[in-house]
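Visitor: Here's a structure for you.
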Amino acid sequence: MPDLIDAGRLTLGVAFGISVLQLILAATAAVRRVPELAVSARNAASVQASLLTIAVVTLCIGFLARDFSIAFVADHSSSAMPVGLTIAALWGGQEGSLLFWTWAMSIFSAVATRRMLTIDNGLAPHGISVLSTFQVFFLGVLVFTSSPFQRLLVAPAEGRGLNPLLWDSGMQIHPPMLLTGYMSFGVPFAFAAALLLAGRITQPWLREMRNWMFLAWAVQSAGLLLGAWWAYRVLGWGGYWGWDPVENVALLPWLVATAYLHSALAQERRGQLRAWTIGLVLLSYALAVFGTFVVRSGVLSSVHSFALSDIGPLFFIFVAALLIISTSLFLYRLPQLRSPVPITAIASKEAGFLLNNLLLLSIAVTTFWGTIFPMITEILQGSRITVGPPFYAQVNVPLLVAVLGLMAIWPLLAWRRTSLRATWRSTRTPLIAAIALSGTLMALGMRNGIPILSASLVAAVVAGVSLELGRSLHGGIRRRKHPDGGSRNIFAGDRRRLGSYVVHLGVAIFALGVIGSSGFSQETAATLARGEDVQIGGYAVAFENLESTVVPGLATVTANLTVTRNDTPIAKLSPARRIHTGWETQPTSDVAVSTSTPQLDDIYVVLSSWDTSGSSVSLRVLVKPLVILLWIGGLVYFAGILVVAWPTPQTRLPSSVVSAAKPGTP
Amino acid sequence: MTRIIWVGIVSLALVVLDSSSLLADGASDLAIEKRMWVIAEDLDCPVCEGQSVRESNAALAVQMRNTIVAKLQAGHSKDQIMQFFADRYGPGVLRNPPRDGLALAVWIGPLIAMGCGVVLLLGVFARSKQAAQAQKGADLSSYEQVVKDIQKPPRRSDKSS
């Protein structure tokens with residue numbers, strides 16, 4: 001067998017060399033204004049992507065061949081692991097995830113450099129320089145301090161295996177999704193930095209930057225949602241979001257990117273907020289790298305501490321340099337960036353974008369502050385103060401409710417300025433829906449303020465979105481029927497707007513899930529003998545029997561339970577505990593969840609412990625209403641993203657030409 | 001036979017980590033249990049990174065939950081119980097940062113940031129009002145802009161996406 005370690009090292013070394021070459025080419029092209037050199041730099045980017053692909057494949061072969069002379073393979077896999085999981089072990093540790101990041105970035109860079117050159121010859125060399133600087137840094141770290149191809153002098157007969165918390169199908173997609181998300185904010189950053197370096201702004205460049213930002217935001221959304229799903233199904237505490245530092249830092253770039261996507265609309269349509277949007281792009285990447293720094297350095301205590309490592313200082317320097325350089329560039333160019341068009345009135349769409357940005361950034365600032373605060377107290381007074389979920393519940397939840405309110409009203413307003421009457425006309429339906437729902441809820445005896453308010457706002461958002469969707473569909477159908485032709489596709493008219501309404505709808509459904517599960521959960525712990533049951537929230541969970549199965553490397557104990565409601569059995573649940581060889585001190589839970597219909601309660605059971613004879617078990621039972629709406633809302637959200645992103649033909653003939661070419665087509 | 005041995009081994013491993021016999025002897029009283037979970041939610045489990053006493057299955061967390069139940073049954077208030085744990089395990093055990101001393105800064109920080117944001121925003125609106133008043137003569141051009149906006153075929157805006 002060829003030596004994988006040598007092959008991997010060589011590939012990474014050459015890739016590093018090429019990234020340096022690429023930087024030199026692109027920088028020379030930028031400074032000397034020789035666009036031909038930028039073309040060479042573009043080719044270097046493609047070569048680099050190929051080399052990194054080879055490096056990733058090499059490491060995968062190492063995993064599949066169980067080559068435990070590679071330290072990373074020995075540390076993160078074992079022969080007992082199934083193939084899918086073995087590949088996923090690639091991002092189960094720091095070196096591997098760094099390799100994954102750099103590989104994904106190289107592919108994104110290769111595509112982005114091509115796009116840059118087709119769009120603007122003059123700006124492209126600057127953008128490519130920035131992209132290659134990132135690659136030089138990450139490849140440098142990979143080659144010199146944190147190589148996944150370290151040789152073990154004595155290869156162990158068996159690998160250590162993967163952290164059992166990560167033995168889950170979520171493990172196969174959540175981490176690479178988040179890594180890709182974090183990484184992909186680098187591309188719009190390069191676009192923005194190119195504008196600043198060159199001191200010139202062009203609309204096509206801004207549009208391309210927005211598309212990359214949209215992509216990064218979509219990937220980050222997927223990463224966050226999968227993370228929530230993973231936490232809910234695997235961590236076994238019945239939550240999907242705990243304001244844990246590692247979760248917080250993943251949320252930060254998402255918040256800023258969401259703010260950006262809204263103000264970018266005002267930038268495109270009305271030329272407003274130009275400097276501001278560019279600032280947001282820069283900030284989002286700085287936060288993304290800060291996020292990886294936090295995950296990788298272990299500076300903040302968190303449940304994700306299995307990712308501790310020694311490359312923290314390097315990342316710290318990288319974040320600091322990124323922040324200092326981009327901030328000073330930004331301030332230096334600020335006079336040229338300012339947009340000439342002022343915001344006109346508060347009752348206008350663009351003012352809504354400003355308010356949206358104010359709220360989202362306030363949430364981001366609060367989250368950032370709360371995340372780093374324990375570190376500050378440790379430095380200042382030597383002991384750590386914990387900033388936990390109660391803090392975020394008190395500060396962020398009101399802000400999130402305000403975001404819902406904004407979502408309900410402002411999308412319905414017109415651009416520029418609206419009269420009071422027109423405002424009332426366009427917003428009365430959602431307002432009436434909100435008032436009707438809050439009245440109903442209070443009549444039903446609900447008295448908790450925040451849930452009532454936010455549920456009513458959700459109703460308003462849904463009403464407003466449906467109204468708009470209906471209107472657009474109606475218009476689309478009318479256009480289709482029109483003898484003059486028009487698009488056959490009823491959605492083609494204003495796909496971006498429609499798609500974003502669908503995304504809003506997804507967020508509203510998601511919010512309803514959050515309201516239900518955070519405000520109305522019930523929890524109990526019980527020790528049950530065979531045949532006994534525990535009552536909670538109208539359900540009875542009865543213990544039937546205990547089973548155990550053993551395969552090499554893994555022992556599983558499963559409790560079989562029956563859930564009944566009003567004496568009718570509605571589900572069988574089988575929570576389990578797994579003990580992996582080599583990780584005996586870390587047994588993991590297989591949570592059992594069942595959603596009842598039509599109440600939409602999740603019955604969530606964790607097996608805590610059991611009697612050796614199998615005659616009794618201790619369980620934690622939670623009833624979590626509406627959690628299913630989180631995942632449904634997530635799906636709707638991504639459906640909306642697809643509607644926005646669905647490729648449209650680049651050039652579109654005027655409708656009269658189309659109908660002339662295809663006579664008789666409606 | 002091997003099965004029983006395995007169950008035994010696994011159980012032994014778990015006994016070290018887990019000893020949730022909480023409800024068997026402890027809170028028969030549902031109201032007290034409910035209050036216990038609320039309090040446990042606000043306490044950080046000192047031995048498990050980033051989990052609350054409510055969420056954690058660690059032995060210490062289970063013990064702390066039992067302590068809460070005992071103290072509730074003895075008539076202690078939530079504040080007293082929180083204070084008890086803060087004295088015993090340090091202020092880091094409180095998930096809700098106190099509103100005094102250095103920790104006050106964590107509460108004030110966001111308020112200051114939001115205040116700055118609001119001031120900035122009001123500034124933007126004020127400036128735009130001035131600008132609008134300054135160029136009253138430009139009314140016509142903005143009217144034309146409106147007409148242009150209206151006449152724009154809607155499908156043009158998705159060209160770039």
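Visitor: Condition check: among the charged types (D, E, K, R), buried (at least 21 other Cβ atoms within 10 Å of the Cβ) and more than 12 Å from the chain's Cα centre (by Cα). Does residue A:210 satisfy that?
Guide: Values: among the charged types (D, E, K, R): yes; buried (at least 21 other Cβ atoms within 10 Å of the Cβ): yes; more than 12 Å from the chain's Cα centre (by Cα): yes.
Considered against the rule, which asks whether it is among the charged types (D, E, K, R), buried (at least 21 other Cβ atoms within 10 Å of the Cβ) and more than 12 Å from the chain's Cα centre (by Cα), residue A:210 comes out as yes.
Visitor: Still on this model: Which members of the stretch A:537-552 meet the condition of being at the interface with chain B (Cβ under 10 Å from one of its Cβ atoms) and buried (at least 16 other Cβ atoms within 10 Å of the Cβ)?
Guide: Those that are at the interface with chain B (Cβ under 10 Å from one of its Cβ atoms) and buried (at least 16 other Cβ atoms within 10 Å of the Cβ): A:546, A:548, A:550.
Visitor: Next up: Can you tell which of A:162, A:142 is buried (at least 23 other Cβ atoms within 10 Å of the Cβ), over 29 Å from residue A:581 (Cβ atoms) and not small (Gly, Ala, Ser)?
Guide: After applying the criteria, what remains is A:142.
Visitor: Let me ask another. Restricting the search to the stretch A:579-621, which residues are hydroxyl-bearing (Ser, Thr, Tyr) and either in contact (Cβ under 8 Å) with a residue 60 or more places away in the chain or touching a Ser or Thr at 6+ places or on another chain (Cβ under 9 Å) (or both)?
Guide: Once the filter is applied, which keeps residues that are hydroxyl-bearing (Ser, Thr, Tyr) and either in contact (Cβ under 8 Å) with a residue 60 or more places away in the chain or touching a Ser or Thr at 6+ places or on another chain (Cβ under 9 Å) (or both), the stretch A:579-621 yields A:581, A:588, A:589, A:604, A:608, A:609, A:612, A:615, A:616, A:618.
Visitor: Sticking with this one: Scan B:86, B:105 and give me the residue that is within 8 Å of chain A (Cβ to nearest Cβ), of a type in the set (Gly, Ala, Ser), under 22 Å from residue A:381 (Cβ atoms) and surrounded by fewer than 18 Cβ atoms within 10 Å (Cβ to Cβ). Give the steps one after another, and end with the answer.
Guide: On the way: B:86 fails: within 8 Å of chain A (Cβ to nearest Cβ).
None of the other options fit; the residue is B:105.
Visitor: Go over the candidates A:525, A:571, A:576 one by one and state the one that is modelled with pLDDT of 90 or more, within 36 Å of the chain's Cα centre (by Cα) and within 12 Å of chain B (Cβ to nearest Cβ).
Guide: A:576
Visitor: On the basis of being among the aromatic types (Phe, Trp, Tyr) and touching a Lys or Arg at 6+ places or on another chain (Cβ under 9 Å), does residue A:137 make the cut?
Guide: no
Visitor: I would also like to ask the following. Taking residue A:161 and the conditions (1) over 30 Å from residue A:206 (Cβ atoms); (2) under 20 Å from the mean Cα position of the chain (by Cα), which numbered condition does it fall short on, given that it satisfies the others?
Guide: (2)
Visitor: Pick from A:156, A:125, A:188: which is of a type outside the set (A, V, I, L, M, F, W, C) and closer than 28 Å to residue A:221 by Cα?
Guide: Exactly one residue qualifies, and that residue is A:188.
Visitor: Please enumerate the residues belonging to the stretch A:556-572 that are surrounded by fewer than 21 Cβ atoms within 10 Å (Cβ to Cβ) and not β-branched (Val, Ile, Thr).
Guide: Answer for the stretch A:556-572, where residues must be surrounded by fewer than 21 Cβ atoms within 10 Å (Cβ to Cβ) and not β-branched (Val, Ile, Thr): A:560, A:565, A:566, A:567, A:569, A:571, A:572.
Visitor: Determine which member of the set A:382, A:445, A:370 is out of contact with any Ser or Thr (no Cβ under 6 Å at 6 or more places or on another chain) and either on the phi < 0 side of the Ramachandran plot or among the aliphatic types (A, V, I, L, M) (or both).
Guide: The match here is A:370.
Visitor: Does residue A:217 count as modelled with pLDDT of 95 or more, over 30 Å from residue B:44 (Cα atoms) and not hydroxyl-bearing (Ser, Thr, Tyr)?
Guide: yes
Visitor: Here is a follow-up. State the number of residues belonging to the stretch A:306-321 that are in a helix (DSSP H, G or I) and at pLDDT below 75.
Guide: Of the residues in that region, 3 qualify.
Visitor: Shifting gears a bit: Checking the structure you have, find out if any residue of the stretch A:82-95 is touching a Lys or Arg at 6+ places or on another chain (Cβ under 9 Å) and touching a residue at least 40 places away in the same chain (Cβ under 8 Å).
Guide: yes
Visitor: Return yes or no: is residue A:576 touching a residue at least 12 places away in the same chain (Cβ under 8 Å), buried (at least 17 other Cβ atoms within 10 Å of the Cβ) and more than 18 Å from residue A:238 (Cα to Cα)? Steps first, please.
Guide: Numbers: touching a residue at least 12 places away in the same chain (Cβ under 8 Å): yes; buried (at least 17 other Cβ atoms within 10 Å of the Cβ): yes; more than 18 Å from residue A:238 (Cα to Cα): no.
For residue A:576, the condition - touching a residue at least 12 places away in the same chain (Cβ under 8 Å), buried (at least 17 other Cβ atoms within 10 Å of the Cβ) and more than 18 Å from residue A:238 (Cα to Cα) - is not met.
Visitor: Need at least 1 residues that are within 23 Å of residue A:28 (Cβ to Cβ) per element, so show me which helices (runs of 4 or more DSSP H) inside the stretch A:53-161 make the cut, counting only ones lying wholly within it.
Guide: Here the list reads A:94-119, A:124-140.
Visitor: Next question, about the same structure. Say whether the condition of being surrounded by fewer than 22 Cβ atoms within 10 Å (Cβ to Cβ) and of a type in the set (A, V, I, L, M) is met by at least one residue in the stretch A:123-136.
Guide: Yes, some residue in the stretch A:123-136 is surrounded by fewer than 22 Cβ atoms within 10 Å (Cβ to Cβ) and of a type in the set (A, V, I, L, M).
Visitor: Another question about this same structure. Of the conditions (1) modelled with pLDDT of 85 or more; (2) surrounded by 22 or more Cβ atoms within 10 Å (Cβ to Cβ); (3) farther than 17 Å from residue A:252 by Cβ; (4) not polar (S, T, N, Q), residue A:288 fails just one. Which one is it?
Guide: Going through the list (1) modelled with pLDDT of 85 or more; (2) surrounded by 22 or more Cβ atoms within 10 Å (Cβ to Cβ); (3) farther than 17 Å from residue A:252 by Cβ; (4) not polar (S, T, N, Q), residue A:288 breaks only (3).
Visitor: Looking at A:104, A:112, which one is buried (at least 24 other Cβ atoms within 10 Å of the Cβ) and within 17 Å of residue A:48 (Cβ to Cβ)?
Guide: When all the criteria are applied, what remains is A:112.
Visitor: Sort out which residues of the stretch A:395-434 are part of a helix (DSSP H, G or I) and facing chain B (nearest Cβ under 8 Å), and write them in order of number.
Guide: Filtering the stretch A:395-434 for residues part of a helix (DSSP H, G or I) gives A:395-412, A:420-434.
The answer is A:395, and nothing else.
Visitor: Could you please let me know if residue B:95 is within 30 Å of residue A:534 (Cβ to Cβ) and facing chain A (nearest Cβ under 9 Å)?
Guide: Against the criterion (within 30 Å of residue A:534 (Cβ to Cβ) and facing chain A (nearest Cβ under 9 Å)), residue B:95 qualifies.
Visitor: Look at the stretch B:39-79 and say how many of its residues are within 22 Å of the chain's Cα centre (by Cα), free of Cβ contacts under 8 Å to residues at least 24 places away in the same chain and more than 20 Å from residue A:608 (Cβ to Cβ).
Guide: Final tally of qualifying residues: 1.
Visitor: Since residue A:69 meets every condition but one in (1) touching a residue at least 40 places away in the same chain (Cβ under 8 Å); (2) under 23 Å from residue A:580 (Cα atoms); (3) crowded, with 21+ Cβ neighbours inside 10 Å, which condition does it not meet?
Guide: For residue A:69, the exception is condition (3).
Visitor: Here is a follow-up. Out of all the residues in the stretch A:368-394, which are more than 7 Å from every other protein chain (Cβ to nearest Cβ) and buried (at least 24 other Cβ atoms within 10 Å of the Cβ)?
Guide: Filtering the stretch A:368-394 down to residues more than 7 Å from every other protein chain (Cβ to nearest Cβ) leaves A:368, A:371-372, A:374-376, A:378-379, A:382, A:392-394.
Residue satisfying the conditions is A:371 alone.
Visitor: Quick one: count up the residues across the stretch A:112-154 that are free of Cβ contacts under 8 Å to residues at least 60 places away in the same chain and farther than 25 Å from residue A:315 by Cα.
Guide: The number of residues fulfilling the criteria is 3.
Visitor: Shifting gears a bit: When the stretch B:24-73 is examined, which residues are found to be outside any strand (DSSP E or B), facing chain A (nearest Cβ under 9 Å), more than 16 Å from residue A:525 (Cα to Cα) and out of contact with any Pro (no Cβ under 8 Å at 6 or more places or on another chain)?
Guide: Across the stretch B:24-73, the qualifying residues are B:48, B:49, B:51.
The values are calculated or read from the model by the stated rules, or taken from the named source; none is laboratory data. In this text the structure is predicted, and so the values were computed from the model without any measurement. Note that each Cβ is placed from the backbone with ideal geometry, even for glycine, and that neighbours are counted across all protein chains shown.
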